[in-house]
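> Just dropping this structure here.
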Amino acid sequence: MQTRTRGSLIPYSLWIAVFVVAPIVLVIYYSLLDLNGNFTLDNYKNFFSSSYLTMTLTSFWYAFLITLFTLLFAYPTAYLLTKTKHKQLWLILIIVPSWINLLLKTYAFIGIFGLYGPINAFLEVFGFEPTQILFTDFSFIFVAVYIFIPFMILPIFNALDKMDRSLVYAARDLGASSWTTFRRVIFPLTIDGVKSGIQVTFIPALSLFMITRLIAGNKVITLGTAIEQQFLVAQNWGMGSTIAVFLILIMVISMLFTGNRTRGGRVR
Amino acid sequence: MKTMGQQPIIRFDNVSKSYDSDTVVLKNIQFSLERGKFYTLLGPSGCGKTTILRIIAGFEKPTSGDVLFDGKRMNDVPANERQVNTVFQNYALFPHLNVFENVAFGLRVKKRREAEIRERVSEALRFVNLSGYEKRQISEMSGGQLQRVAIARAIVNDPDIILLDEPLSALDLKLRTEMQYELRELQQRLGKTFVFVTHDQEEALAMSDEIFVLDDGMIQQSGTPVDIYDEPINRFVADFIGESNIVEGTMIEDYKVKFNGKVFDCVDGGMKPNEKVDIVIRPEDLEITAVDKGKLVVTVGTQLFRGVHYELSTTDRDGNEWLVHSLKKAEVGMEIGLDFEPEAIHVMRLNETEEEFDKRLEAYGDDEHAD
């Protein structure tokens, strides 16, 4: 039994070693090299310069905004979903867009938001001058939120659906208004779903790079964009790797914050 | 204690409830509850008993008719503004809060001072014998303890009315019997109005001041446990409450009833001559005797030892089944005689309303119940 269980772990261990451990080691290794391949700590010194720190903060700020708006849309939606008659059908309809390639959806938004897109056409009917919606903070956050919403809805929906309805009656019975019931009972009991939702939104939002270019027109520089530029444009693998190391660190920290001990996950 | 005069604490005035035109859950429910008594709504599942409870709690609105508390119309008052607290079927305790916070919930919502909350919660926990369990998590408590937490959470708010929705159904038999005593005692110590919902007739008989027997969305009969047991209004109630032998018969005249081809003396009257009736004789009122002395002659089919008594399933010559509870043993397969007193025969008219039934009982009152 023992050996067989251990044997069946081999593919998994190999996978982890080759695709998780090795890349992280490589990234750390490259982060310690300068442009000429010599060992140095300069990259780390540079990271703490004002330009990179500002970028980190911007990245955080946008990821925070994206997560916040995603949550604000996803929670009520998930709540309404649990109350509908054909909730599984509605859920599928919400999830389906997440199966479509990210790039395709992004291009679709370029069309929608563009100067000659339907939104501007609609505004013109009411006599407004066409305005550039694309390449603004608004369009960037809007598209990001749109992309992340299904991932946020799913865990929250599951948590709400699992919750015992009679607890809501009990709270009402004990004198709680709808808002108090939500604040003191429903939300605390679905906080695990919210945490999972934040995890799957906040962490990817930190490293978004494609949408920043296509939708935000490179006006928004996030950690993800910076890594891309260091590797592909500046050809400075050392600096790119250093930013990546910090990104990994930030991910680990945010997982610690939103981690759920009772579920016995990998996060300690 | 309170000086609300003669107003009933709860009154249902012609209350009906339907979800759509096809599903009528309650039909013209009419009753008044007095302050400080223990009421039970008893009936099979789907009879509407839980719907009545939910209407009192404020979770459902009646489709027509009025609900009055102390004479005030309550139809549109939401659940959180009613002086009513519920002990739920599966307790519905908050799993993210410990015992203290569960009990304190109602007081915290009402923004009571911290010192007052502490005092009242520990008093409520003392009341249900759970002092010292304040810091426990809900997941660490046993079924009986959860039950007590749920009760404490309701009584701590000092409500006028406490509703209990089959609160004992999840407990094992021994604990259930214990809790019956405790609930009854608790109700008497608190002096609150309890409305208890159950499908268990033993629970209802043991605890209530008054029972409402429900079936098919209607109140079939209401009265004290003794009244309902001794004088069931119809076949349904007789069958639902306790064990019964029910046979069809004919009322010859007042105090004379005919069934199984014989005429017997009885203590009922007020029917038309030769009216078709249902006859109830409780198994414990049948006594085993010699074949030639018996008013009925039956053959013993099976015999079970029930501890206090033997339970005999017997069949008479016409093929009617007679259940007998007897302290004496009988031989399976043997013919025996069954004897009974005229008082043991309870005659029920078909389709009699509760009002007519009560009036007739009063006129032909056989004993002390006709008050």
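Any read-out appearing in this document is the output of simple, stated calculations on the displayed coordinates, not a laboratory observation. Here the structure is a predicted model, which is why all the values come from computation and not from measurement. Heads up, the Cβs are rebuilt from the backbone with ideal geometry, glycines too, and the neighbour counts pull from every protein chain shown.
> Tell me whether region B:225-319 comes out rounded, prolate or oblate; compute the Cα gyration tensor, take square roots of the eigenvalues as a ≥ b ≥ c, and use a/c under 1.5 as the rounded threshold.
Oblate, since a/c reaches 1.5 and b/c is not below a/b.
> Given the options B:Ala115, B:Phe194, B:Ile161, identify the residue whose Cα lies farthest towards the positive end of the charge dipole of region B:106-206 (+1 on Cβ of Lys, Arg; -1 on Cβ of Asp, Glu).
Towards the positive end, the residue furthest out is B:Ala115.
> If you don't mind, there's one more thing I want to ask. Residue by residue through region B:69-79, which ³J(HN,Hα) values in whole Hz follow from phi under the Karplus form 6.51 cos²θ - 1.76 cosθ + 1.60 (θ = phi - 60°), with glycine and proline marked x?
Listing the rounded values in order: 10, 6, x, 9, 6, 10, 3, 9, 7, x, 3 Hz.
> On to the next question. What base-10 log of the normalised intensity I(q)/I(0) is obtained for chain A from the Debye formula, alpha carbons as equal point scatterers, at q = 0.12, 0.16 Å⁻¹?
Here log10 of I(q) over I(0) equals -0.94, -1.28.
> Would you tell me the mean number of C-beta atoms belonging to other protein chains that fall within 10 Å of each C-beta in A:174-183, as a whole number?
5
> Taking Cα pairs under 8 Å and at least six residues apart, what relative contact order does region B:1-105 come out at, in percent?
28
> Which whole-Hz ³J(HN,Hα) couplings does region B:131-148 yield from phi under the Karplus relation 6.51 cos²θ - 1.76 cosθ + 1.60, θ = phi - 60°, glycine and proline marked x?
Once rounded to whole Hz, the list reads 4, x, 9, 3, 8, 5, 7, 4, 5, 8, 9, 7, x, x, 5, 4, 3, 5.
> Shifting gears a bit: Choose one of A:Ser50, A:Ile147, A:Ala17: the residue whose Cα lies farthest towards the positive end of the charge dipole of chain A (beta-carbon charges +1 Lys, Arg; -1 Asp, Glu; about the Cα centre).
With unit charges placed on the Cβ atoms, the residue in question is A:Ala17.
> Once you have a ≥ b ≥ c as the square roots of the Cα gyration tensor eigenvalues for region A:90-245, tell me rounded if a/c is under 1.5, and otherwise prolate or oblate according to whether a/b is larger than b/c.
Because a/c hits 1.5 or more and a/b fails to exceed b/c, region A:90-245 counts as oblate.
> Okay, next question. Under 5 Å between amide hydrogens, which residues at least 5 positions from B:Leu41 or on another chain qualify, with H placed 1.01 Å from N in the peptide plane?
Amide H to amide H, under 5 Å and 5 or more residues apart or across chains, B:Leu41 pairs with B:Phe196, B:Val197, B:Thr198, B:Phe212.
> Which residue, B:Ala115, B:Ala290, B:Ala330, has the most motion in a Gaussian network model of chain B that connects Cα atoms within less than 10 Å?
Maximum fluctuation in the GNM of chain B, among the listed residues, is at B:Ala115.
> Please say if region B:58-217 is rounded, prolate or oblate, where rounded means a/c under 1.5 for a ≥ b ≥ c the square roots of the C-alpha gyration tensor eigenvalues, and otherwise the choice is prolate for a/b larger than b/c and oblate otherwise?
Oblate shape, in that a/c is at least 1.5 and b/c is the bigger or equal ratio.
> Most fluctuating residue of A:Lys85, A:Lys105, A:Lys162 in a GNM of chain A with Cα springs under 10 Å: which is it?
A:Lys85
> So if I place +1 on the C-beta of Lys and Arg and -1 on the C-beta of Asp and Glu, and nothing else carries charge, what would the dipole magnitude of the protein assembly as shown be about its Cα centre? I want it in debye, nearest 20.
4760
> Taking chain B as the reference, fit the longest principal axis to its C-alpha atoms, fit the long axis of helix B:354-363 to the helix C-alpha atoms, and give the angle between the two in degrees, 0 to 90, nearest 10.
With rounding to tens, the tilt is 60 degrees.
> Nearest-5 percent of antiparallel DSSP beta bridges in chain B?
Beta bridges within chain B, antiparallel portion: roughly 75 percent.
> Also: Find the all-direction average of the projected area of the Cα convex hull for chain B, expressing the result in square nanometres with one decimal place.
Over all viewing directions, chain B projects a mean Cα-hull area of 22.0 nm².
> Given charges of +1 on the Cβ of Lys and Arg and -1 on the Cβ of Asp and Glu, with all other atoms neutral, how large is the dipole of region B:146-273 about its Cα centre, in debye to the nearest 20?
Dipole of region B:146-273, to the nearest 20 debye: 120 debye.
> Please name which of B:Tyr364, A:Leu206, A:Pro76 has its Cα lying farthest along the dipole of the protein assembly as shown towards the positive end, using unit charges on Cβ (Lys, Arg +1; Asp, Glu -1) and the Cα centre as origin.
It is A:Leu206, whose Cα lies furthest towards the positive end.
> Now, a different point. Roughly how crowded by other chains is peptide B:151-160, in terms of the mean Cβ count from those chains within 10 Å of each of its Cβ atoms?
For peptide B:151-160, the averaged partner shielding equals 1.
> So what is the relative contact order of chain B, in percent, for Cα pairs below 8 Å that sit 6 or more residues apart?
15
> Right, here's the next one. Under the rule of at least 5 residues apart or a separate chain, name every residue whose amide H is placed under 5 Å from the amide H of B:Arg136.
B:Val99, B:Phe100
> Work out the mean other chain Cβ neighbour count within 10 Å for the residues of B:50-61 and drop it here as an integer.
Partner-chain Cβ atoms within 10 Å, mean over residues of B:50-61: 1.
> If you put +1 on each Lys and Arg Cβ and -1 on each Asp and Glu Cβ, how big is the dipole of region B:251-316 around its Cα centre, in Debye rounded to 20?
With Lys and Arg at +1 and Asp and Glu at -1, about 140 debye.
> Membrane-span-like helices in chain A: DSSP H runs reaching 24 Å or more (Cα, own axis), mean Kyte hydropathy at least -1.0?
A:50-83, A:137-162, A:237-258
> Sticking with this one: Using only Cα atoms and rounding to the nearest 10 degrees, what angle (0 to 90) does helix B:99-109 make with the longest principal axis of chain B?
With rounding to tens, the tilt is 70 degrees.
> Quick one: which of B:187-199, A:119-131 comes out on top by average Cβ neighbours within 10 Å, and what's the full order, highest first?
By packing density, highest mean first, the sequence is B:187-199, A:119-131.
> Right, here's the next one. For chain A, modelled as a GNM with alpha-carbon contacts under 10 angstrom, which of A:Gln229, A:Gln199, A:Gln132 fluctuates the most?
Maximum among the listed residues: A:Gln132.
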